[in-house]
1. Out of curiosity, is residue 320 more than 30 Å from residue 172 (Cβ to Cβ) and without any contact (Cβ under 8 Å) to a residue 12 or more places away in the chain?
2. Right, residue 179: at pLDDT 95 or above, of a type in the set (Asp, Glu) and under 23 Å from residue 89 (Cα atoms) or not?
3. Kindly evaluate residue 181 against the criterion of being under 13 Å from residue 353 (Cα atoms) and surrounded by fewer than 24 Cβ atoms within 10 Å (Cβ to Cβ).
4. Would you mention how many residues in the range 112-152 are touching a residue at least 40 places away in the same chain (Cβ under 8 Å), within 21 Å of the chain's Cα centre (by Cα) and not in a strand (DSSP E or B)?
5. Kindly list, by first and then second residue, each pair from a residue in the range 64-86 that is free of Cβ contacts under 8 Å to residues at least 60 places away in the same chain and not assigned by TED's automatic domain parsing to the domain that holds residue 105 to a residue that is among the aliphatic types (A, V, I, L, M) and surrounded by fewer than 22 Cβ atoms within 10 Å (Cβ to Cβ), limited to pairs with Cβ atoms under 9 Å and residues at least 6 apart or on different chains.
6. Scan the range 288-308 and tell me whether some residue there is closer than 22 Å to residue 95 by Cα, among the aliphatic types (A, V, I, L, M) and in contact with a Cys (Cβ under 7 Å, 6 or more places away or on another chain).
7. Has the range 44-64 got any residue that is in contact with a helix residue (DSSP H, G or I) (Cβ under 9 Å, 6 or more places away or on another chain), assigned to a helix (DSSP H, G or I) and surrounded by 12 or more Cβ atoms within 10 Å (Cβ to Cβ)?
Amino acid sequence: MIVTVHRGTHQIGGSVVEIATSRTRIILDLGSPLPDENGHDCIETLAIEGVTSGVSNCDAVLFSHYHGDHIGMLGDLLPGIPFYLGPVSKEIYLLLQKRIPHGIPEIVRDARTFTAGEPLAIGDLSITPFMVDHSAFDAYMFLIEAESKRVLYTGDFRTHGFRGKAVLPMLRKYVGQVDVLITEGTMLSRGETEVKTEQELQAELGEVIKKYKYIFVICSSTNIDRIGSICQATPRGKYFLCDPYQKTVLEKVSELCGQYSPLYQFKKVLNYGPNLDDKMKDRGFCMLIRNRFSFPEVVTQYQNEFPDDTVLIYSMWRGYLDTPNSQYKKLMEGFQNIEFLHTSGHATKEAIMKVCQDVNPKEGIIPVHSEASEKLDELGLGKIIHLKDGEEYETIYQ
């Protein structure tokens, strides 16, 4: 097998990985670069012959999850190339594409789906998806097998989320040793700060929600575990509010996954509307907000009338606030009380080490999705294969 990382060997986001044999060619993720340090979208310059340009020469594209840095180039995919998503991931991404300007719902509808743990045959490749914990719901690792070789692609994952404790046992039981591991390394460049578990974060959220009567929350609309955590922490009698788009997303998750965990049951979620204004003031509320809809007006009202009883919870990566003209920063203006309560959707250095040790790759580890992949060299994990974007690695013939 030949592994080519078209993009992502020295950056976070914009992930594109190719796996090929003499008979079959697939792409794992087809992501757009993240915005630059000024918050501007990067101009897409990556063209992959047979995938996004020229004559089609690709058997399938598999997406690990619906974050833009992994799926953002879907609209550039040449017609006729089949592509795959997790079943719930497809539904969430479809709702998002229906909502945003210049969305591509007509393309997303054509996505095929796979089932966790069930091998998918594409040419002479066998691809088995394994569900992992991430800040995107329904995210996957992929085990690719062909020519007596086994390659594991982690996508984005973590072990400190609600379902994170299952990741390592799953790898030990169902994957075992591989020849090559392609692993994300997002957190390698973010220092040695302690990372909270989602359980610890939920406890902190609960304390803030008890302390204040009126709670506004800035959180990704598709970080389902985080929203479920906040919803569970909101006590009976206090409203849990959002806009119609967010409610539609949560209803879809409830429909597809509510039977598996109370975390994914959102029965008490209500659309915000002026008809609730008087009851909200009386009972209190927890409201998921964005710059759209009518939230800025509601925010201003409570900032002015009830400053001591009102709090904003910011539950996203703080780096989003550092970009010029940050919409999140604008929404935070005027709050007397602000709480920063967040934990990463990515694997800690310790989690990456444990994955490397558990699958014990025979040939080596290829780091991607990282600005500091050289830090893996210091961890005694065996051979680290540092590629450049576009460079090929061919598994060792035996």
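The values are calculated or read from the model by the stated rules, or taken from the named source; none is laboratory data. All figures in this text were calculated on a predicted structure; none of them were measured in a lab. In this analysis, Cβ positions are derived from the backbone assuming ideal geometry, glycine residues included, and neighbour counts consider all displayed protein chains.
1. Spelling it out, residue 320 is indeed more than 30 Å from residue 172 (Cβ to Cβ) and without any contact (Cβ under 8 Å) to a residue 12 or more places away in the chain.
2. Criteria not met by residue 179.
3. no
4. Looking only at that region, the number is 7.
5. none
6. Within the range 288-308, one or more residues are closer than 22 Å to residue 95 by Cα, among the aliphatic types (A, V, I, L, M) and in contact with a Cys (Cβ under 7 Å, 6 or more places away or on another chain).
7. Among the residues of the range 44-64, not one is in contact with a helix residue (DSSP H, G or I) (Cβ under 9 Å, 6 or more places away or on another chain), assigned to a helix (DSSP H, G or I) and surrounded by 12 or more Cβ atoms within 10 Å (Cβ to Cβ), which makes the answer no.
Conditions (1) in the same structural domain as residue 241 (by TED's automatic domain parsing); (2) assigned to a helix (DSSP H, G or I); (3) touching a residue at least 24 places away in the same chain (Cβ under 8 Å); (4) surrounded by 16 or more Cβ atoms within 10 Å (Cβ to Cβ), marked per residue:
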site: 287; (1), (2), (3), (4): yes, no, yes, yes
site: 290; (1), (2), (3), (4): yes, no, yes, yes
site: 299; (1), (2), (3), (4): yes, yes, yes, yes
site: 302; (1), (2), (3), (4): yes, yes, yes, yes
site: 356; (1), (2), (3), (4): no, yes, yes, yes
